[in-house]
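A.B. asks: Starting off with a structure, shown below.
The values are calculated or read from the model by the stated rules, or taken from the named source; none is laboratory data. These numbers come from a predicted model, not from an experiment. Neighbour counts run over all protein chains shown; Cβ positions are idealised from the backbone, glycine included.
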Amino acid sequence: MSEAPALRILVDADACPVKEEIYKVAERYRVPVVVVSNQIIRIPQSPLVSRKIVSDAFDAADDWIAENGAPPCVIVTADILLADRCLKAGADVIAPTGKPFTMASIGGAIATRAIMADLRAGGEQIGGPRPFAREDRSRFLSALDQVLVRLRRTAAR
């Protein structure tokens, strides 16, 4: 009988504004973190935090995360298409703003992304996402805490 995979956090790290928060929560819960990027990113010296550097090929970090994000796993990403891939694989996915991606919400997020891309391609002047705020950081910490508690309870059963 094989051992169940261990809970861990995979971070789509190149533009992630909440890496320090992830490290703190991971230490508190003793959950390993893998920081995935296509360049060297500073990480704390901790046996719980490791770095995975992938090639600079288009979507290489996303592909590695999607291939290695088997449950029980928490994925932290703002990338909607990566979130969709990870949800389909059974992982929990949280945006850096604290918004959880779910199977119920991902279709709408993908549709909105496609509409915005079409508008930009048509020359429309549309604003980007709102600036990252302190409330986003707080919401993220709460969401990460909640999902880790839930996954640990599930694993204990």
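A.B. asks: For region 112-119, indicate whether the set of residues that are part of a helix (DSSP H, G or I) and either at pLDDT 95 or above or surrounded by 13 or more Cβ atoms within 10 Å (Cβ to Cβ) (or both) is non-empty.
C.D. replies: Here is the first cut: in region 112-119, the ones part of a helix (DSSP H, G or I) are 112-119.
With the extra rule that they be either at pLDDT 95 or above or surrounded by 13 or more Cβ atoms within 10 Å (Cβ to Cβ) (or both), the set shrinks to 113, 116.
Yes, because at least one residue in region 112-119 is part of a helix (DSSP H, G or I) and either at pLDDT 95 or above or surrounded by 13 or more Cβ atoms within 10 Å (Cβ to Cβ) (or both).
A.B. asks: Take the residues in region 98-108 that are small (Gly, Ala, Ser), at pLDDT 75 or above and in a helix (DSSP H, G or I); name whichever of them is nearest to Leu82 (Cα to Cα). Outline the logic, then answer.
C.D. replies: Taking region 98-108 first, the residues small (Gly, Ala, Ser) are 98, 104-105, 107-108.
Now narrow it down to the ones that are at pLDDT 75 or above: 98, 104-105.
Next, only the ones that are in a helix (DSSP H, G or I) stay: 104-105.
On the way: Ala104: 16, Ser105: 14 Å.
The extreme case among them is Ser105.
A.B. asks: Being crowded, with 17+ Cβ neighbours inside 10 Å and of a type in the set (Lys, Arg) is the filter here; which residues of region 8-28 pass it? First the steps, then the outcome.
C.D. replies: Taking region 8-28 first, the residues crowded, with 17+ Cβ neighbours inside 10 Å are 8-13, 16, 18-19, 21-23, 25-26.
Of everything in region 8-28, those that are crowded, with 17+ Cβ neighbours inside 10 Å and of a type in the set (Lys, Arg) turn out to be Arg8, Lys19.
A.B. asks: Still on this model: Pick from region 33-57 the residues that are touching a residue at least 24 places away in the same chain (Cβ under 8 Å) and assigned to a strand (DSSP E or B): which of them is farthest from Asn68 (Cα to Cα)?
C.D. replies: Only one residue fits best here, namely Val49.
A.B. asks: Considering only region 11-23, state which residues are assigned to a loop (DSSP other than H, G, I, E, B) and charged (D, E, K, R). Give the derivation first.
C.D. replies: Here is the first cut: in region 11-23, the residues assigned to a loop (DSSP other than H, G, I, E, B) are 13-18.
Result: Asp14, single match.
A.B. asks: When region 58-79 is examined, which residues are found to be touching a strand residue (DSSP E or B) at 6+ places or on another chain (Cβ under 9 Å), acidic (Asp, Glu) and in a helix (DSSP H, G or I)?
C.D. replies: If the condition is that a residue be touching a strand residue (DSSP E or B) at 6+ places or on another chain (Cβ under 9 Å), acidic (Asp, Glu) and in a helix (DSSP H, G or I), then Asp62 is the only one that fits.
A.B. asks: Of the conditions (1) closer than 21 Å to Leu151 by Cα; (2) surrounded by fewer than 14 Cβ atoms within 10 Å (Cβ to Cβ), Pro100 fails just one. Which one is it?
C.D. replies: Condition not satisfied by Pro100: (2).
A.B. asks: Which residue is nearest to the chain's Cα centre (by Cα), if the candidates are limited to region 30-81 and must be of a type in the set (Ser, Thr, Tyr) and surrounded by 17 or more Cβ atoms within 10 Å (Cβ to Cβ)? Working first, answer last.
C.D. replies: Of the residues in region 30-81, the ones of a type in the set (Ser, Thr, Tyr) are 37, 46, 50, 55, 77.
Narrowing further to those that are surrounded by 17 or more Cβ atoms within 10 Å (Cβ to Cβ): 37, 77.
Values: Ser37: 12, Thr77: 3 Å.
Residue satisfying both the conditions and the ranking: Thr77.
A.B. asks: When residues of region 80-97 are filtered for being assigned to a loop (DSSP other than H, G, I, E, B) and under 21 Å from Thr154 (Cα atoms), how many remain? Steps first, answer last, please.
C.D. replies: Of the residues in region 80-97, the ones assigned to a loop (DSSP other than H, G, I, E, B) are 89-91, 95-97.
Checking the rest, the ones that are also under 21 Å from Thr154 (Cα atoms) come to 89-91.
So the count comes out to 3.
A.B. asks: Quick check on this structure: which one of Ala26, Ala6 is in a helix (DSSP H, G or I), among the small types (Gly, Ala, Ser) and under 13 Å from Cys73 (Cα atoms)?
C.D. replies: Values: Ala6 fails: in a helix (DSSP H, G or I).
The unique qualifying residue is Ala26.
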